[in-house]
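Some notes on the structure that comes next.
The values are calculated or read from the model by the stated rules, or taken from the named source; none is laboratory data. As the structure is a computational prediction, the values presented were derived from the model and not from experiment. All Cβ positions, glycine included, derive from the backbone under ideal geometry; neighbour counts span all protein chains shown. In case anyone asks, the SASA skips ligands and DNA or RNA and just uses the protein heavy atoms, side chains included. Shrake-Rupley method; radii C 1.70, N 1.55, O 1.52, S 1.80 Å.
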Amino acid sequence: MYLSTRIDKAMIANGLLFFAYFLMLVWVNNSYAWFLYEYLGATPKDVDVGFILFLVGLSFLMSLLCGASISRPGDLVVVLLVLVLVPHALVLNGANTFAPGSLPFSGAPLAVLLGITLVGLSNKVHFRRGSDGGDGRRYMPLLAAINVAVLIFILVKSIGYFSLDYTGQYVRRALARGVFAAGSADGYLASIGTQAFFPVLFAWGVFRKSKMFFWLGIANVLVLWGAFGQKYPFFVLLLVYLLMTYFRRFGKIRVSWLLLFAIAFLSLGIIEHEVMGYSYLNDYFVRRAFVVPASLIGVVDLFSNLHGMNAYSDTLIGFMMGGERSEPLSFQMGSKIFDNPDLNANVNFLAIAYLQLEYIGVILESLLVGGVVVLLNYLYMRRNATIAIPVALLFATKILEQSLLTVMLGSGVFFMLVFLVLISMPSGSALYKETPS
């Protein structure tokens, strides 16, 4: 084990690309995207010399935290957090009517900056590659069998309304909230047994070229779509396929390529709007990924100022400390800020941690995420556990819009981490001999 904070030419180049990415995002927001969400509080971002200088410093800090390439599970977690959370929490902060005077060094934006920095520094712990690991192939059929049983359970429970129709997705979501109620045994079983399992099963199928596991992953996505109306699993499926195919062949992904892709994507949205007068890319992706979360970060600051710390009263921790368990924070914000008790105002785990216990909560939860990053890197490097990659992807995509406790328990990440440790224990033979070096 050793620490690595090397700065090279690639990281300096990435700093310039981060700056271009952040600046272009502000331009897209102000010129093409903010009015798509104006009805729920989005506004243009104020730009001045101080803000430009801040972006320069932020860009090179993020380049340092991300490093030059994604070659380990922890790299994937950090890069996804930086590419998604930093733009809406620290670049577009204040671009809303809820906290228009928000500064990057206070409130929820500072919580995100502090948290990502701690997670990024945790990822600087490196392990030299080893060859000792358990034979995971013995356990994957068991995981698949459990997953199939859960799929059958979901199909039976949702048979009355199950459909693959696109137009009925929101109706299915509403019906599913009653059939698989949040916090119920059925809800936990359905969530853990599918969303925690299918990225790993599908990744195994892609990496090992196993048709059975490949199609089982696709079956999970179709069941989640038909029973819950969820589009998110399709996105995860695509990401897992691209990642595992790429890692199988090359073993790493350059961060600069992702930044160039993000810049090109924003450029396509601009071109589409200029040519057609409207952009599907801006409306369905830029608005959803950046403009909406930027507004919700403002909601977090407003909610915190109005109601103070929640002290985990909406979790099992608060209940065990003798209090009455309150409604989840995301629904509290929907009810008290938007006056809509059915609105689930999902925000990232750092914003939720800030609402729970302010910066103490942010530090504690960031260190826990950092611990998960170190564990995944250790299992990947020392035990050759390739499926640590999809587990990292599952973990990262979940904490982007949910609380850490919900992700660890309700989404099954804790279960998958335990499973990953068990199958990575030495058994006299190397685990994944095909793992790229």
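From the list 356, 332, which residue is free of Cβ contacts under 8 Å to residues at least 60 places away in the same chain, surrounded by 24 or more Cβ atoms within 10 Å (Cβ to Cβ) and not in a loop (DSSP other than H, G, I, E, B)? Break it down into steps so the answer makes sense when it comes.
On the way: 332 fails: surrounded by 24 or more Cβ atoms within 10 Å (Cβ to Cβ).
356 is the lone residue from the list that is free of Cβ contacts under 8 Å to residues at least 60 places away in the same chain, surrounded by 24 or more Cβ atoms within 10 Å (Cβ to Cβ) and not in a loop (DSSP other than H, G, I, E, B).
Consider residue 240 carefully, then state whether it is part of a helix (DSSP H, G or I), touching a strand residue (DSSP E or B) at 6+ places or on another chain (Cβ under 9 Å), under 23 Å from residue 82 (Cα atoms) and open to solvent by less than 80 Å² (accessible area, probe 1.4 Å).
Numbers: part of a helix (DSSP H, G or I): yes; touching a strand residue (DSSP E or B) at 6+ places or on another chain (Cβ under 9 Å): no; under 23 Å from residue 82 (Cα atoms): yes; open to solvent by less than 80 Å² (accessible area, probe 1.4 Å): yes.
Considered against the rule, which asks whether it is part of a helix (DSSP H, G or I), touching a strand residue (DSSP E or B) at 6+ places or on another chain (Cβ under 9 Å), under 23 Å from residue 82 (Cα atoms) and open to solvent by less than 80 Å² (accessible area, probe 1.4 Å), residue 240 comes out as no.
What are the residues in segment 184-200 that are outside any helix (DSSP H, G or I) and in contact with a helix residue (DSSP H, G or I) (Cβ under 8 Å, 6 or more places away or on another chain), if any?
Of the residues in segment 184-200, the ones outside any helix (DSSP H, G or I) are 184, 196-197.
Of everything in segment 184-200, those that are outside any helix (DSSP H, G or I) and in contact with a helix residue (DSSP H, G or I) (Cβ under 8 Å, 6 or more places away or on another chain) turn out to be 196, 197.
For residues in segment 243-261 being among the β-branched types (Val, Ile, Thr) and in a helix (DSSP H, G or I), which is modelled with the highest pLDDT? So that I can check it myself, show each step before the final result.
Looking only at segment 243-261, we keep the residues that are among the β-branched types (Val, Ile, Thr), and these are 245, 253, 255.
Among the residues that remain, those that are also in a helix (DSSP H, G or I) are: 245, 255.
Numbers: 245: 88, 255: 95.
Out of the qualifying residues, it is 255.
Scan segment 123-143 and tell me whether some residue there is part of a helix (DSSP H, G or I), open to solvent by less than 60 Å² (accessible area, probe 1.4 Å) and at pLDDT 95 or above. Step through it out loud before you land on a result.
Taking segment 123-143 first, the residues part of a helix (DSSP H, G or I) are 136-138, 140-143.
Then keep just the ones that are open to solvent by less than 60 Å² (accessible area, probe 1.4 Å); that gives 136, 140, 143.
Still in the running and at pLDDT 95 or above: none.
Within segment 123-143 (the criterion being part of a helix (DSSP H, G or I), open to solvent by less than 60 Å² (accessible area, probe 1.4 Å) and at pLDDT 95 or above), the answer is no, since none of the residues qualifies.
Quickly run through segment 225-237 and pick out the residues that are in a helix (DSSP H, G or I) and farther than 27 Å from residue 62 by Cβ. Outline the logic, then answer.
Taking segment 225-237 as the starting set, the residues that turn out to be in a helix (DSSP H, G or I) are 225-228, 232-237.
Within segment 225-237, 225, 226, 227, 228, 233, 234, 237 meet the criteria.
Working only within segment 274-306, note down all residues that are in a loop (DSSP other than H, G, I, E, B) and among the aromatic types (Phe, Trp, Tyr).
Kept after step one, since they are in a loop (DSSP other than H, G, I, E, B), are these residues of segment 274-306: 277-279.
Across segment 274-306, the qualifying residue is only 278.
Among all residue pairs at least 6 apart or on different chains, which show Cβ distances below 7 Å where the first residue, located in segment 240-258, is closer than 30 Å to residue 19 by Cβ and the second is modelled with pLDDT of 85 or more and of a type in the set (S, T, N, Q)?
Qualifying pairs under 7 Å: 251/71; 252/69; 252/71; 253/69; 254/69; 255/14; 255/69; 256/14.
For (1) part of a helix (DSSP H, G or I); (2) modelled with pLDDT under 95; (3) closer than 30 Å to residue 334 by Cβ, each residue gets a yes or a no:
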{"residue": "7", "(1), (2), (3)": "no, yes, no"}
{"residue": "23", "(1), (2), (3)": "yes, no, no"}
{"residue": "30", "(1), (2), (3)": "yes, no, yes"}
{"residue": "52", "(1), (2), (3)": "yes, no, no"}
{"residue": "55", "(1), (2), (3)": "yes, no, no"}
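Only one of 362, 374 is at negative phi and touching a strand residue (DSSP E or B) at 6+ places or on another chain (Cβ under 8 Å); which?
Answer to the check: 374.
Could you count how many residues in segment 403-421 are within 11 Å of the chain's Cα centre (by Cα) and either at pLDDT below 90 or in a helix (DSSP H, G or I) (or both)?
Filtering segment 403-421 for residues within 11 Å of the chain's Cα centre (by Cα) gives 403-404, 407.
Adding the requirement that they be either at pLDDT below 90 or in a helix (DSSP H, G or I) (or both) leaves 404, 407.
Qualifying residue count, segment 403-421: 2.
Could you say which residue among 246, 232, 161 is surrounded by fewer than 21 Cβ atoms within 10 Å (Cβ to Cβ) and closer than 20 Å to residue 380 by Cα?
Values: 232 fails: closer than 20 Å to residue 380 by Cα; 161 fails: closer than 20 Å to residue 380 by Cα.
Going through 246, 232, 161 in turn, just one is surrounded by fewer than 21 Cβ atoms within 10 Å (Cβ to Cβ) and closer than 20 Å to residue 380 by Cα: 246.
Hey, any hits in segment 262-269 for a residue that's assigned to a helix (DSSP H, G or I), in contact with a His (Cβ under 7 Å, 6 or more places away or on another chain) and not β-branched (Val, Ile, Thr)?
From segment 262-269, those assigned to a helix (DSSP H, G or I) are 262-269; that's our starting set.
Applying the additional criterion that residues be in contact with a His (Cβ under 7 Å, 6 or more places away or on another chain) yields none.
Within segment 262-269, not a single residue is assigned to a helix (DSSP H, G or I), in contact with a His (Cβ under 7 Å, 6 or more places away or on another chain) and not β-branched (Val, Ile, Thr).
A quick yes/no check of all residues on (1) among the hydrophobic types (A, V, I, L, M, F, W, C); (2) surrounded by 14 or more Cβ atoms within 10 Å (Cβ to Cβ); (3) assigned to a loop (DSSP other than H, G, I, E, B):
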| residue | (1), (2), (3) |
| --- | --- |
| 167 | no, no, yes |
| 170 | no, no, no |
| 178 | no, no, no |
| 182 | yes, no, yes |
| 202 | yes, yes, no |
| 220 | no, yes, no |
| 272 | no, yes, no |
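Of all residues in segment 211-236, count the ones that are at pLDDT 90 or above and farther than 20 Å from residue 163 by Cα.
Number satisfying all stated conditions: 4.
Which one of the conditions (1) under 27 Å from residue 24 (Cα atoms); (2) open to solvent by 40 Å² or more (accessible area, probe 1.4 Å); (3) assigned to a helix (DSSP H, G or I) does residue 346 fail to meet, given that it meets all the rest?
Tallying (1) under 27 Å from residue 24 (Cα atoms); (2) open to solvent by 40 Å² or more (accessible area, probe 1.4 Å); (3) assigned to a helix (DSSP H, G or I), residue 346 fails exactly one: (3).
Which residue, of 41, 94, is at positive phi and touching a Pro at 6+ places or on another chain (Cβ under 7 Å)? Don't jump to the end; show me each part of the working.
On the way: 41 fails: touching a Pro at 6+ places or on another chain (Cβ under 7 Å).
Just a single option satisfies the conditions, and that option is 94.
Let's see how each residue does on (1) open to solvent by less than 30 Å² (accessible area, probe 1.4 Å); (2) in contact with an Asp or Glu (Cβ under 6 Å, 6 or more places away or on another chain); (3) over 18 Å from residue 338 (Cα atoms):
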{"site": "268", "(1), (2), (3)": "no, no, yes"}
{"site": "279", "(1), (2), (3)": "yes, yes, yes"}
{"site": "284", "(1), (2), (3)": "no, no, yes"}
{"site": "288", "(1), (2), (3)": "no, no, no"}
{"site": "292", "(1), (2), (3)": "yes, no, no"}
